[in-house]
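The values are calculated or read from the model by the stated rules, or taken from the named source; none is laboratory data. As the structure is a prediction and not an experimental result, all values here were calculated from the model. Glycine also receives a Cβ, built like all others from the backbone with ideal geometry; neighbour counts cover every protein chain displayed.
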């Protein structure tokens, strides 16, 4: 037993030599995930809907890591394949896939339009499934890999005014577990992070609403909203050798929101 324990080191958290794809990695939480992986040693391929990635590029290259950006729409099969093909052409392997890209549209469920439902489900769930499937085929050949999906508090709860977002994030949790079951025998771990309430541009309006902001913060045992910084360590862990026996898990990073 002592010899086995001695094998463990902080190098288990290193991503040196690894190649990661991060979807929606040029802004917000996706940017934080991408920079975290770069700081841990990974080179990156980042998909982005727009070409506003100068800041992210600078942050990653400052760590001495390589980064390639691929602009496209992940609901489009050709754009998904372009992303995977770019990673293989530039680096020859894919060790990590972070499915972060997503969207949200708010309306009461009795007024929700079919086109809005379809739009949310296409990016939040369908693209996650099909991109993961494409990357998993490569990881199976490599006999290793890490897939980390981004879930939500609404993977556990119902929410209001966001029925397709809630359905999609429940679906992300289900996909995570289903992929973990089938890919574990290939030394591939599939997990998800479920962020709590985070200070990003997407939550600015909620935080500006004094009553709603107080309602949320009063329920968080940590008594504060998270910064994107608070999720970076969890992402590195789930992408590293240190989490090799963690599989099919939905890791809530929420300051205790779910246990209140």
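One table, with the values for the structure above:
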| item | result |
| --- | --- |
| 2 or more residues within 15 Å of the chain's Cα centre (by Cα), buried (at least 17 other Cβ atoms within 10 Å of the Cβ) and touching a residue at least 40 places away in the same chain (Cβ under 8 Å): qualifying helices (runs of 4 or more DSSP H) within region 152-223 | 163-183 |
| Count of region 135-151 residues which are part of a helix (DSSP H, G or I) and either at pLDDT below 95 or surrounded by 17 or more Cβ atoms within 10 Å (Cβ to Cβ) (or both) | 3 |
| Members of region 81-102 that are surrounded by 14 or more Cβ atoms within 10 Å (Cβ to Cβ) and free of Cβ contacts under 8 Å to residues at least 24 places away in the same chain | 82 |
| Hits in region 114-125 - residues which are under 18 Å from residue 99 (Cβ atoms) and crowded, with 16+ Cβ neighbours inside 10 Å | 120, 121, 122, 123, 124, 125 |
| First in region 231-246 and closer than 19 Å to residue 100 by Cα, second anywhere and surrounded by fewer than 17 Cβ atoms within 10 Å (Cβ to Cβ), Cβ under 6 Å, 6 or more apart | 240/13 |
| Among (1) within 19 Å of residue 135 (Cβ to Cβ); (2) crowded, with 18+ Cβ neighbours inside 10 Å, the one test that residue 65 misses | (1) |
| Complete set of residues in region 122-151 that are in contact with a strand residue (DSSP E or B) (Cβ under 6 Å, 6 or more places away or on another chain), on the phi < 0 side of the Ramachandran plot and free of Cβ contacts under 8 Å to residues at least 60 places away in the same chain | 128, 132, 139, 147, 149 |
| Criterion: surrounded by fewer than 24 Cβ atoms within 10 Å (Cβ to Cβ) and either part of a loop (DSSP other than H, G, I, E, B) or on the phi < 0 side of the Ramachandran plot (or both) - qualifying residue of 78, 34, 38, 20 | 78 |
| Sole exception among (1) surrounded by 14 or more Cβ atoms within 10 Å (Cβ to Cβ); (2) touching a residue at least 24 places away in the same chain (Cβ under 8 Å); (3) touching a strand residue (DSSP E or B) at 6+ places or on another chain (Cβ under 8 Å) for residue 57, by number | (2) |
| Neighbours by Cβ (under 8 Å, 6+ apart or cross-chain): first from region 63-77, touching a residue at least 12 places away in the same chain (Cβ under 8 Å); second in a loop (DSSP other than H, G, I, E, B) and surrounded by 14 or more Cβ atoms within 10 Å (Cβ to Cβ) | 65/41; 65/42; 69/26; 69/53; 71/49; 72/49; 73/49; 74/101 |
